[in-house]
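Before any comments, here is the structure.
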Amino acid sequence: MDELSTANLDARVEEAIFRTARVKAFLSRFPLTPASPDELLPQVSWAQLERQLRSLAAADVERVSWELEVLKTTARTHPSEMFYRELLMLAWSLIDDTRTSPPSEVDMD
């Protein structure tokens, strides 16, 4: 194995350790709780989700595709609640980027 391959492998292992620690920290803060069927969110497809994110993004629509790919990856390996938190943060960042002026202090409360 050459030096570049070893560095790449080390970086991937480090990233995996970081992601695992992040999930564990999230679960310690927000333990899994069972939900009844009537408490579950409605189903939505990735295409529908992308369409809505593109609508929110306005000027930054190119960003939506690659951000959604990251979300798809995390959806397979992260707890559902953590995935939805990431989705909400993405939606907010897309909305926030479309603002013409910074939020006032009142908006931040």
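Can you confirm whether residue 29 is exposed (fewer than 10 other Cβ atoms within 10 Å of the Cβ), under 13 Å from the mean Cα position of the chain (by Cα) and either on the phi > 0 side of the Ramachandran plot or modelled with pLDDT of 85 or more (or both)?
Answer is no for this residue.
Just checking, which of 13, 61 is within 30 Å of residue 97 (Cα to Cα), among the β-branched types (Val, Ile, Thr) and out of contact with any Ser or Thr (no Cβ under 6 Å at 6 or more places or on another chain)?
On the way: 13 fails: within 30 Å of residue 97 (Cα to Cα).
Just a single option satisfies the conditions, and that option is 61.
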If I ask for residues that are surrounded by 11 or more Cβ atoms within 10 Å (Cβ to Cβ) and without any contact (Cβ under 8 Å) to a residue 12 or more places away in the chain, which ones from the stretch 36-51 would you list? 51
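The values are calculated or read from the model by the stated rules, or taken from the named source; none is laboratory data. Values in this document were obtained by computation on a predicted structure and should not be read as measured data. All Cβ positions, glycine included, derive from the backbone under ideal geometry; neighbour counts span all protein chains shown.
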